[in-house]
Amino acid sequence: MPVYEFDALNHGGEALTDIITADTPRDARERLRKRGLHVTRIEIVRELAKKESSRSVVSSAMSARRARSELLMVTQQFATLLKAGIPLI
């Protein structure tokens, strides 16, 4: 079963990014709609091999997202240091 990463908005208008396993993108959208989410983007992250568990793919997708957020945080911290006039050697 493929794993999809999606961006959605909840009823309060808050943005949410997460992953879901579903047979098709349409099935994933329907499941998310039932959870009260309005999908703004959905894309396949990975197809599961027959022997591969969905749990391992979900954890690897979550760690990739975490790495992206950490890179963003470090970049913002470097920008703050540069704006403060601290030299980076």
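What follows is calculated from the coordinates using simple rules that are stated; it is not laboratory data. Everything numeric in this text was worked out from a predicted model, so none of it was measured. So basically every Cβ, Gly included, is an ideal-geometry build from the backbone, and we count neighbours across all protein chains shown.
Of note:
- Phi angles of the range 75-80 translate, via the Karplus equation with coefficients 6.51, -1.76, 1.60 and θ = phi - 60°, into HN-Hα couplings of 4, 5, 5, 4, 4, 5 Hz per residue; Gly and Pro are given as x.
- HIS38/THR80 FRET efficiency (R0 22 Å; Cβ-Cβ; nearest 0.05): 0.05
- For LEU37, no residue whose modelled amide H falls within less than 5 Å of its own remains once neighbours fewer than 5 places apart on the same chain are excluded.
- For ALA22, nonlocal amide neighbours, meaning residues 5 or more places apart or on other chains whose placed amide H falls under 5 Å from its own, are TYR4.
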